[in-house]
2 protein chains.
Amino acid sequence: MKLQKETIKRSPVVSSGRHGKWYDDACGTAFALELIGERWSLLIVRELMFGGRRFSDLRGGLPGISAKVLTERLESLERAGIVRRRQLPPPTAAQVYELTEWGYGAETAIKELGRWAASSPDHDPTLPLSPASLMLSFRTMFDGRRAGGLDAGGAIRVGADRFFVKVAKGRLTAERGEIEEPDFTLEAPAAMPIAGLVYGKAPPEALPGLAVTGDRAKLAGYVDCFHLPKKVA
Amino acid sequence: MKLQKETIKRSPVVSSGRHGKWYDDACGTAFALELIGERWSLLIVRELMFGGRRFSDLRGGLPGISAKVLTERLESLERAGIVRRRQLPPPTAAQVYELTEWGYGAETAIKELGRWAASSPDHDPTLPLSPASLMLSFRTMFDGRRAGGLDAGGAIRVGADRFFVKVAKGRLTAERGEIEEPDFTLEAPAAMPIAGLVYGKAPPEALPGLAVTGDRAKLAGYVDCFHLPKKVA
DNA sequence: CAGAATCCCATTCGATACTG
DNA sequence: CAGTATCGAATGGGATTCTG
């Protein structure tokens, strides 16, 4: 009874020859899992959510990923049309990986996953956090109803990464880049102290490494716009 | 140089001893992946989205999953607090798996993943579909703006599974169960012909296995409320 | 630094057989 | 039906090395 037939190597149903896993299921969610369900894939997309990054940037934001796995995942994300590889102009010989327009479309799904999981009693917000995670958490947890009439712009500097945030008319903007004349500036070597300020509502003095400058009142208003979901259990 | 140390078995950081994968990342999305990022896990949650199911029901809705993997995934989902196991009252000796309240909270994230992936040009909507997938796709793709003043209730029967849908005041209800005096009834041995009707806008006569009864005008109004996202490429 | 290529073990998976 | 037990095969992915 060893006529095992089944040498068919897991049907390359989906055009782009995906290797390992597929569900043979028309459900969009199942297809999403074929695209980004492998380990690390979705976190790579998260890291790219604020613009193109280089290979080593990605490794920096994803502690624990190996070069091999990062290479493989970038390849399959590229095949899937989620990521695009771009050569920077000659002076800088580097290449960057960036999301396609459709890739950016995954933002809502990523945020909803995060919002849901953050309400687990087992979620540990004290683990390390990449700069991109921090900024994406702002987009996720911002509550426009708490913004009132706040109009504030801030510069966020995490290590060498520069971001800015703006709150106006109950809306948040959070992007990579600089802002002219920020109302406040938060600077830290890593994301954690900034998360401690915004989510832990800790006083800046209590957060080692965090440098705060500018309008404290506007900063307080900004911080007040964010809160983690309450735990379920 | 073989002093490999590293016998540490992938740190059970998260209280509940998760086995394989973890990211050591405070990001909610990363934590979500620890909860439901293993193969099949999220699809099991999807299958439970319309109420408790038995082991064999789940196998039926997840073609390709093995008993071993299903057992393992149910265990880890239970440890994570997403799934609960319940013994049915004595007469029926069976046990059912059902989502906890928090587990049901994953619905938005699941739908957003599906909505996003369905706009991939590589998505193949002609693959088989479980009854739960079909019903969840209704909740995902319903567009209240197209409902106008439609007020309609329908019974959906897929094999032995009974669901009902209602559209009223631009809102959709889609649940497992019966409805009294439906305006229309759709019945088929599998979900596909119903998907062909609703999303493919195919005439019922062209769909083998599909039985349609009731008010055709209301059915047409219902069908008109749904459309797949347009492909990006 | 960016990434390709090897090596190799731990894990995981699916198939089958078995059990209450 | 609702799983459990076992086994072989495939894969995953970490570490290391090499190259432009």
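Could you tell me the calculated FRET efficiency between B:Ala168 and A:Ala94, based on Cβ-Cβ distance and R0 = 60 angstrom, to the nearest 0.05? The pair B:Ala168/A:Ala94 has a calculated efficiency of 0.60. For the pair A:Asp24 and A:Arg86, a Förster radius of 35 Å applied to the C-beta separation gives a FRET efficiency near 0.55, rounded to the nearest 0.05.
In the calculated pair distance distribution of the protein assembly as shown, what percentage of Cα-Cα distances lie above 30 Å?
Working: 56153 of 108345 pairs.
That tail contains 52 percent of the Cα-Cα pairs.
Cα axis of helix A:131-141 to longest principal axis of chain A: angle in degrees, 0 to 90, nearest 10? Taking the Cα atoms of chain A, the angle to A:131-141 is about 80 degrees.
In nm, to one decimal, how far is the B:Ser119 label point from the A:Ala211 one, both placed 7 Å along Cα→Cβ? Reported label-point gap for B:Ser119 and A:Ala211 is 4.1 nm.
One residue of chain B places its C-beta nearer than any other to the axis carrying B onto A; that residue and its whole-Å distance are B:Glu112, 2.
Near the amide H of A:Arg162, within less than 5 Å, lie the amide hydrogens of A:Gly177, all on another chain or at least 5 residues away, with H placed in the peptide plane. Take A:Ala217, push a point 7 Å out from Cα through the beta-carbon direction, and compare it with the same point in every other copy: 6.3 nm, smallest first. Karplus-derived 3J(HN,Hα) values for segment B:57-71, using 6.51 cos²θ - 1.76 cosθ + 1.60 with θ = phi - 60°, are 4, 5, 4, x, x, 10, x, x, 7, 9, 4, 4, 5, 4, 4 Hz; glycine and proline are entered as x.
Evaluating kT/(6 pi eta Rh) at 25 °C and 0.890 mPa s, with the Kirkwood radius of chain A over Cα pairs in the Stokes-Einstein relation, gives 125 µm² s⁻¹. To the nearest ten degrees, helix B:107-117 and the longest principal axis of the Cα atoms of chain B are 80 degrees apart. Taking 7 Å steps out from each Cα toward its Cβ at A:Glu175 and B:Asp143 produces label points 2.9 nm apart. Ranked by how many other Cβ atoms sit within 10 Å of their own Cβ, fewest first, the residues B:Asp143, A:Asp122 fall in the order B:Asp143, A:Asp122.
Given the DSSP H assignment, sum -39500 (n - 2.57) over each helix run of at least 4 residues in chain B and divide by its residue total; what's the result at 222 nm in deg cm²/dmol, nearest 500?
Working: 9 runs with 78 residues, N = 233.
My calculation for chain B gives -9500 deg cm²/dmol from helical runs alone.
Exposure here means at most 12 other Cβ atoms within 10 Å; with GluC sites (Glu not before Pro) in a DSSP loop as sites, the longest stretch of chain A lacking them is A:7-177. Distances, shortest first, from the label point of A:Lys201 to those at the same position in the other copies read 5.2 nm; the point lies 7 Å along Cα to C-beta.
Partner shielding of B:100-110 amounts to 5, given as the average count of beta-carbon atoms from other chains within 10 Å of each residue beta-carbon. The H on the amide N of B:Leu172, modeled in the peptide plane, is under 5 Å from the matching H of no residue at least 5 residues off or on a different chain.
For peptide A:35-45, compute the average count of partner chain beta-carbon atoms within 10 Å of each residue's beta-carbon.
Values: counts 6, 5, 10, 2, 8, 5, 2, 6, 7, 0, 1.
Partner-chain Cβ atoms within 10 Å, mean over residues of A:35-45: 5.
For chain A, the longest stretch holding no trypsin sites (Lys or Arg not before Pro) located in a DSSP loop with at most 14 other Cβ atoms within 10 Å is which? No qualifying site falls inside A:55-168, the longest such stretch.
Under 1.5 on a/c is rounded, so check that first for segment B:162-233, then, if it is not, pick prolate when a/b is larger than b/c and oblate when it is not; a ≥ b ≥ c are the square roots of the alpha carbon gyration tensor eigenvalues. List each step's numbers first, then the result.
Values: a/c = 1.63, a/b = 1.18, b/c = 1.39.
Because a/c hits 1.5 or more and a/b fails to exceed b/c, segment B:162-233 counts as oblate.
Classify segment A:103-233 as rounded, prolate or oblate from the Cα gyration tensor: take a ≥ b ≥ c as the square roots of its eigenvalues, call it rounded if a/c is under 1.5, otherwise prolate when a/b beats b/c and oblate if not. Intermediate values should be presented prior to the final figure.
Values: a/c = 1.39, a/b = 1.25, b/c = 1.11.
Here segment A:103-233 falls in the rounded category.
Rule-based calculations on the coordinates, nothing more; no lab input. Predicted model only: the values in this text are computed from it and were never measured. All Cβ positions, even for glycine, are placed from backbone atoms using ideal geometry, and neighbour counts span all protein chains on display.
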